[in-house]
């Protein structure tokens with residue numbers, strides 16, 4: 001059974017006409033003990049049918065260990081959205097529900113190599129000196145989560161020092177417990193700064209800079 005309905009397929013086909021350069025979806029999976037791997041694989045396959053600019057590469061998390069290490073993949077299912085380079089955009093968990101739109105918008109952004117972030121944000125991100133790891137914990141039924149994920153992913157596009165992860169909280173309960181995720185979106189930056197809610201861009205940036213600053217001191 002198709003996961004993307006015909007009406008949505010027609011809409012997405014037109015949306016993907018905005019793409020400029022090819023985009024590679026690098027997917028890490030496993031044959032056993034991965035509840036959502038098959039669903040994620042099927043969804044990516046259907047997406048790739050909608051544009052000849054979308055390609056899917058599939059790797060086994062165990063058998064292709066070197067590839068997983070190359071992309072610094074720690075858990076599955078995992079998706080890397082890669083364009084002319086690896087921008088540091090990661091999806092951990094199936095990008096369904098509200099997060100499906102996030103994946104679509106990321107694909108178009110990566111294809112164009114541009115974001116909609118404010119010039120002030122872009123300039124601030126250029127001044128980063130230390131790596132920034134943004135983890136955005138979400139659920140698929142959260143309407144506010146895509147905004148928080150998109151912010152992390154666009155910041156990753158604007159700085160080689162930023163990595164932005166979408167993490168589906170219910171698929172990784174141990175990780176969610178580790179960071180005390182009780183409400184979503186919950187954003188964790190460099191292990192030392194966290195907040196809840198989809199903050200405006202300027203406030204989100206403040207938290208990112210705070211996270212980098214704390215890393216410099218440690």
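General observations
- If you check 191, 201 for being more than 19 Å from residue 87 (Cα to Cα), modelled with pLDDT under 95 and not assigned by TED's automatic domain parsing to the domain that holds residue 80, only one passes: 191.
- Only listed residue being under 17 Å from the mean Cα position of the chain (by Cα) and free of Cβ contacts under 8 Å to residues at least 60 places away in the same chain, chosen from 198, 156, 214: 198
- Looking at 55, 21, just one residue is modelled with pLDDT of 95 or more, part of a strand (DSSP E or B), surrounded by fewer than 17 Cβ atoms within 10 Å (Cβ to Cβ) and touching a helix residue (DSSP H, G or I) at 6+ places or on another chain (Cβ under 7 Å), and that residue is 55.
- Residue list for region 24-34, restricted to those being in contact with a strand residue (DSSP E or B) (Cβ under 9 Å, 6 or more places away or on another chain) and either surrounded by 12 or more Cβ atoms within 10 Å (Cβ to Cβ) or not in a loop (DSSP other than H, G, I, E, B) (or both): 24, 25, 26, 27, 28, 29, 30
- Filter result (touching a helix residue (DSSP H, G or I) at 6+ places or on another chain (Cβ under 9 Å) and surrounded by fewer than 16 Cβ atoms within 10 Å (Cβ to Cβ)) within region 198-217: 202
- A single member of 90, 9 is in a helix (DSSP H, G or I) and either within 22 Å of residue 155 (Cβ to Cβ) or in contact (Cβ under 8 Å) with a residue 24 or more places away in the chain (or both), and it is 9.
- Test for residue 93: is it more than 13 Å from residue 43 (Cα to Cα), touching a strand residue (DSSP E or B) at 6+ places or on another chain (Cβ under 6 Å), surrounded by 18 or more Cβ atoms within 10 Å (Cβ to Cβ) and not assigned by TED's automatic domain parsing to the domain that holds residue 162: no
- Subset of region 35-45 that is over 18 Å from residue 102 (Cα atoms) and surrounded by fewer than 17 Cβ atoms within 10 Å (Cβ to Cβ) - its residue that is modelled with the lowest pLDDT: 35
- Qualifying residue in region 160-177 (condition: modelled with pLDDT of 95 or more, surrounded by fewer than 20 Cβ atoms within 10 Å (Cβ to Cβ) and over 23 Å from residue 34 (Cα atoms)): yes
- When the residues of region 126-136 are filtered to those that are touching a residue at least 40 places away in the same chain (Cβ under 8 Å) and more than 15 Å from residue 103 (Cα to Cα), the one that is surrounded by the fewest Cβ atoms within 10 Å (Cβ to Cβ) is 129.
The values are calculated or read from the model by the stated rules, or taken from the named source; none is laboratory data. Predicted model, so just to flag it, every value in this text is computed and none were measured. Using ideal geometry, Cβ is built from the backbone for each residue, glycine included, and neighbour counts are taken over all protein chains shown.
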